[in-house]
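**Q** Take this structure, written in structure tokens, and hold onto it; I'll ask about it next.
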Amino acid sequence: MSVTVRVPAKVNVQLAVGAARPDGFHDLANVFLAVGLHDEVTATPAEELRVTCAGPDAAQVPLDRTNLAARAALALAERHGLAPDVHLHIAKDIPVAGGMAGGSADGAGALLACDALWGTGATRGELLDICAELGSDVPFSLIGGAALGTGRGEKLTPLEVGGTFHWVFAVASRGLSTPAVFREFDRLTEGTDIPAPVASPDLIEALAKGDPKALAATVSNDLQPAALSLFPKLARTLEAGRGAGALTALVSGSGPTTAFLAADAESAQEVARSLRASGTCRNVRTATGPAPGATVL
Ligand code: C5P
């Protein structure tokens with residue numbers, strides 16, 4: 001018997017970053033939108049905890065206990081006094097180290113899969129608590145849709161979305177480390193007065209209306225200057241997508257994946273074609289949002 005869970009990627013339509021806190025994390029106003037690129041995590045009983053991964057970027061995925069899927073199984077087993085003897089297989093389609101919460105998706109997916117496999121019957125609240133222990137973006141991977149994340153991003157308020165948004169994602173030639181991007185943010189903002197992060201009411205209204213032009217006018221990412229500073233060539237990718245008719249272009253989360261909002265499905269295909277031809281990225285994907293959170297198949 002095995003259980004498979006499907007988990008979406010995310011793009012941050014707003015990422016407002018406050019000053020570093022004493023614990024090293026940053027307070028955020030983080031508006032997540034789940035999009036239809038997915039990883040699938042399959043949990044099967046085994047002699048001992050084991051992680052495998054398949055997909056074009058599988059070689060970049062750690063298979064030891066630093067993998068969030070392994071950590072999720074260990075955390076759930078420990079809470080319920082169980083042995084974490086499970087084989088977790090990750091079918092990976094979300095870009096690795098790309099700012100689209102691929103690692104977080106695997107954590108949330110493994111947690112839900114083990115809960116179903118072991119019959120732990122954890123409440124939604126318990127699952128969300130474990131997700132928050134695993135990482136700031138993991139609770140959102142579980143709930144999906146759209147949500148405002150405050151605190152370090154783990155305290156979620158679901159948001160209404162009134163339509164389907166069409167996105168194009170340009171996958172970069174290499175990854176970026178999230179801690180390194182936050183450190184660069186600290187370096188670039190040193191000595192400046194950083195305001196407390198606040199969600200944009202106009203952006204929340206644009207999501208609720210399902211209005212891509214209004215959303216394009218209000219997206220923002222405070223980590224973008226830091227990602228561009230560490231990976232200057234991303235500016236060319238952003239420019240190529242804007243030139244191809246995207247309504248807006250931004251770095252997704254800590255990057256280096258770049259995200260392009262299109263007016264409709266047809267325009268998204270056109271932007272994707274131009275980006276592929278531009279030679280400024282390794283791969284191009286299209287996806288719509290919102291997408292549902294982690295789901296047992
Ligand atoms: O929570 P998570 O483990 O995903 O965070 C990875 C790293 O990103 C943290 O160790 C920290 O350096 C940085 N981070 C941060 N502020 C946040 C979220 C993450 O500084 N709100």
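**Q** Would you mind computing, in nm to one decimal, how far apart the modelled labels at Ser2 and Asp186 are, each placed 7 Å from Cα along Cα→Cβ?
**A** Placing both labels 7 Å along Cα→Cβ, they lie 4.1 nm apart.
**Q** Hey, another quick one. The range 1-56: Rg/Rh from Cα coordinates, Kirkwood Rh?
**A** Value, to two decimals: 1.17.
**Q** Let me know the shape class of the range 27-67, please: from the alpha-carbon gyration tensor, a ≥ b ≥ c as square roots of the eigenvalues, rounded when a/c is under 1.5, otherwise prolate if a/b is greater than b/c, or oblate.
**A** prolate
**Q** Each residue of the range 205-215 in order: what ³J(HN,Hα) in whole Hz does its phi give by Karplus 6.51 cos²θ - 1.76 cosθ + 1.60, θ = phi - 60°, with x for Gly and Pro?
**A** 5, 4, 4, 4, 7, x, 9, x, 5, 5, 5
**Q** Per residue, what accessible area does the chain have, given a 1.4 Å probe and all protein chains present, in Å²?
**A** 41
**Q** In whole percent, how big is the carbon plus sulfur part of the accessible area of the chain, probe 1.4 Å, protein atoms only?
**A** About 52 percent, which is the carbon plus sulfur part of the accessible surface.
**Q** Sticking with this structure for a sec: Under a no-solvent Debye model with one identical scatterer per Cα of the chain, what's log10 I(q)/I(0) at q = 0.07, 0.09, 0.10 Å⁻¹?
**A** -0.25, -0.41, -0.51
**Q** Right, next: Which residues in the range 234-254 place their backbone N less than 17 Å from a point set 7 Å from the Cα of Asp211 along the Cα-to-Cβ direction?
**A** 247-248
**Q** A follow-up question, please. Enter the Cα centre distance for the pair the range 132-186 and the range 63-80, rounded to the nearest angstrom.
**A** 21
**Q** Okay, next question. Using the Cβ atoms and a cut-off under 13 Å, what net charge is assigned to the surroundings of Asn30, where Lys and Arg are +1 and Asp and Glu are -1?
**A** Working: positive: Lys10, Arg152, Lys155; negative: Asp27, Asp137, Glu154, Asp222.
Net local charge, Asn30 excluded: -1.
**Q** Just for the range 51-179, what percent of DSSP beta bridges are antiparallel, to the closest 5?
**A** 50
**Q** Cα gyration tensor of the range 53-160, axes a ≥ b ≥ c as square roots of the eigenvalues: rounded (a/c below 1.5), prolate (a/b > b/c) or oblate?
**A** Oblate shape, in that a/c is at least 1.5 and b/c is the bigger or equal ratio.
**Q** So, one more: In deg cm²/dmol and to the nearest 500, what is the mean residue ellipticity at 222 nm of the chain if only DSSP H runs of at least 4 residues count, each as -39500 (n - 2.57), divided by the residue total?
**A** -10500 deg cm²/dmol
**Q** A further question follows. Suppose we keep just the alpha-carbon trace of the range 1-124; what are its Rg and Dmax in angstrom?
**A** Cα radius of gyration and Dmax of the range 1-124 are 15.4, 47 Å respectively.
**Q** Separate question: Quick one: grab the alpha carbon gyration tensor of the range 160-273, order the square roots of its eigenvalues as a ≥ b ≥ c, and give me rounded if a/c is under 1.5, else prolate or oblate depending on whether a/b is larger than b/c.
**A** Oblate, since a/c reaches 1.5 and b/c is not below a/b.
The values are calculated or read from the model by the stated rules, or taken from the named source; none is laboratory data. Remember, predicted model here, so these are calculated numbers, not experimental data. Backbone-built Cβ (ideal geometry, glycine too); neighbour counts: all protein chains shown. We work out accessible area using only protein heavy atoms, side chains counted, and drop any ligands, DNA or RNA first. Shrake-Rupley method; radii C 1.70, N 1.55, O 1.52, S 1.80 Å.
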